[in-house]
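The values are calculated or read from the model by the stated rules, or taken from the named source; none is laboratory data. Being a predicted model, the structure only gives us computed values, none of them experimental. Quick reminder, even Gly has a Cβ in these numbers, built from the backbone with ideal geometry, and neighbours come from all protein chains shown.
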Amino acid sequence: MSLPDKVKIVEVSPRDGLQNEKEFVATTGKIQLIDRLSEAGFQNIEAASFVSPKWVPQMADGAEVMAGIRRRPGTIYSALTPNLRGFEAALAAGVDEAVIFGAASEAFSQRNINCSIAESIARFEPVAEAAKAAGLRLRGSISCALGCPYQGETPIESVVDVARRMLALGCDEIDVADTIGVGTAVQVGRVMRAVTEIVDPSRVSGHFHDTYGQSLANIMAAMEAGISIFHTSVAGIGGCPYAKGATGNVATEDVLYMMRGLGIETGVDLDAVVDIGQWISHHIGHKSSSRAGNALAARKAA
Ligand code: HMG
Ligand code: MG
């Protein structure tokens, strides 16, 4: 299959990135990050999480973050909503898209959301109904689609099975997530081809953590399988608190640089994102893990 002419980049650093920081990132910093990302042209930003603050204290200020941001018309602001309580809080905060998140691995489902896969789907049913009734977009995220930190390999049938259930719940988009970044290109191609047998490829996204440095190759493999939505995190920040040792999502700067080289449109200003990556890294006190981001920043400074 040929590569797409354009892709949608979903910037997940305000959620997937900041949820994993040891120190709580102040609400004003989160708002500034989202505002700068909005200005850089992202069509979709994952802005917050309405989960238990006991489980993920870093995301406890979702309502304040949503209230403080300057919305760019046309940008979709998403938030994680694990249950009806989270959904109601997200709705009140004005999110555009609710994200239900399950796993293709039983062990990870228990560790991350404290229930089995089947129980999680039952818990998502009222969330999905409420999202549809409120006219919100609904996205379903499938963790451990390419491997699990507790169970090891994930059978492709488990991923397809969860995708089928999420589709039945009315998800507009379904994320195939490599939570711990272990997948490799041929495997990604296989999983994406299996999922797109039941879900239209225009509604499937790749959410790759870059722990083993495979994400760019995996994105190429996914594009060859017809996928054109990818989740990225500026400066590569992030990870899941329930997937120890896993690093952040593939860095946005690296993906934008690759897309530019391939002549694939993203609608996002790479130059602005390089500055945001350097700024947020300084703000949270780590060096950026984006190779392209650091190289482009060094060239600018020279
Ligand atoms: P639980 O303990 O099974 O459920 O948690 P519960 O209903 O007994 O609630 C426990 C406590 O949380 C109670 O408080 C509730 O009131 C409260 P207490 O009575 O003990 O004082 N609570 C809430 N508070 C605020 N908002 C809510 C909410 N719900 C309950 N919505 C639950 C179940 C799902 C809530 C919990 O397990 C949880 O919050 N987990 C968080 C999981 C999470 O955020 N993980 C990281 C994000 S997922 C991810 O990173 C993967 C992804 O990036 C894709 C990939 O890479 O794989 C998406
Ligand atoms: Mg993730």
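The residue that is nearest to A79 (Cα to Cα), counting only those in region 1-15 that are part of a loop (DSSP other than H, G, I, E, B) and at pLDDT 95 or above, is V12. Among residues of region 182-199 that are more than 18 Å from P149 (Cβ to Cβ), those with a Cβ under 6 angstrom from a residue that is surrounded by fewer than 19 Cβ atoms within 10 Å (Cβ to Cβ) and of a type outside the set (A, V, I, L, M), sequence gap 6+ or separate chain, pair up as T196/G226; I198/R164.
Condition check ((1) among the β-branched types (V, I, T); (2) in contact with a Pro (Cβ under 8 Å, 6 or more places away or on another chain)) across all residues:
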site	(1), (2)
T28	yes, no
A40	no, no
I45	yes, yes
M59	no, yes
G68	no, no
G86	no, no
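Report whether or not A67 is within 16 Å of ligand 2 (Cβ to nearest atom), at pLDDT 95 or above and either buried (at least 23 other Cβ atoms within 10 Å of the Cβ) or outside any loop (DSSP other than H, G, I, E, B) (or both). Considered against the rule, which asks whether it is within 16 Å of ligand 2 (Cβ to nearest atom), at pLDDT 95 or above and either buried (at least 23 other Cβ atoms within 10 Å of the Cβ) or outside any loop (DSSP other than H, G, I, E, B) (or both), A67 comes out as no. Please give the number of the condition V199 fails out of (1) within 13 Å of ligand 1 (Cβ to nearest atom); (2) closer than 22 Å to M166 by Cβ; (3) part of a loop (DSSP other than H, G, I, E, B). Status for V199: all satisfied but (1).
Residues considered: K300, K244. Of these, the only one that is under 19 Å from the mean Cα position of the chain (by Cα), farther than 29 Å from P201 by Cα and of a type in the set (D, E, K, R) is K244.
Listed conditions (1) of a type in the set (A, V, I, L, M, F, W, C); (2) within 16 Å of ligand 2 (Cβ to nearest atom); (3) modelled with pLDDT of 95 or more are all met by A295, apart from (2). For region 243-260, the set of residues classified as at pLDDT 95 or above and under 24 Å from T211 (Cβ atoms) consists of G248, N249, V250, A251, T252, E253, D254, V255, L256, Y257, M258, M259, listed by residue number.
Residues in region 119-157 that are more than 18 Å from S49 (Cα to Cα) and away from ligand 1 (no atom under 14 Å from the Cβ): E125, E129, K132, A133, A134, G135, G152, E153, P155, I156, E157.
Being part of a loop (DSSP other than H, G, I, E, B) and within 16 Å of ligand 2 (Cβ to nearest atom) is a condition met by at least one residue of region 213-231.
Please state which one of L18, L33 is within 16 Å of ligand 1 (Cβ to nearest atom) and modelled with pLDDT of 95 or more.
The conditions single out L18.
Among the residues making up region 79-108, a single one is crowded, with 24+ Cβ neighbours inside 10 Å, among the small types (G, A, S) and part of a helix (DSSP H, G or I): A90. The sole residue among P53, P14, P57, P4 that is without any contact (Cβ under 8 Å) to a residue 12 or more places away in the chain and of a type outside the set (K, R) is P53. Scanning region 70-101 for residues that are among the small types (G, A, S) and within 16 Å of ligand 2 (Cβ to nearest atom) returns S78, A79. Here the condition is being in contact (Cβ under 8 Å) with a residue 40 or more places away in the chain and away from ligand 1 (no atom under 11 Å from the Cβ); of L84, L91, L80, it holds for L91 alone. On inspection, V160 fails the criterion of being more than 18 Å from the chain's Cα centre (by Cα), modelled with pLDDT of 95 or more and either polar (S, T, N, Q) or not in a helix (DSSP H, G or I) (or both).
Residues are listed down the side, and each one gets a yes or a no for (1) of a type in the set (K, R); (2) more than 30 Å from T28 (Cβ to Cβ); (3) within 18 Å of the chain's Cα centre (by Cα):
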site	(1), (2), (3)
R70	yes, no, no
T81	no, no, yes
E97	no, no, yes
C115	no, yes, no
E125	no, yes, no
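Of the residues making up region 17-60, those that are surrounded by fewer than 24 Cβ atoms within 10 Å (Cβ to Cβ), under 14 Å from V95 (Cβ atoms) and of a type in the set (F, W, Y) number 0. Selection over region 61-76 of residues that are more than 16 Å from ligand 1 (Cβ to nearest atom) and closer than 13 Å to A93 by Cβ gives a count of 4.
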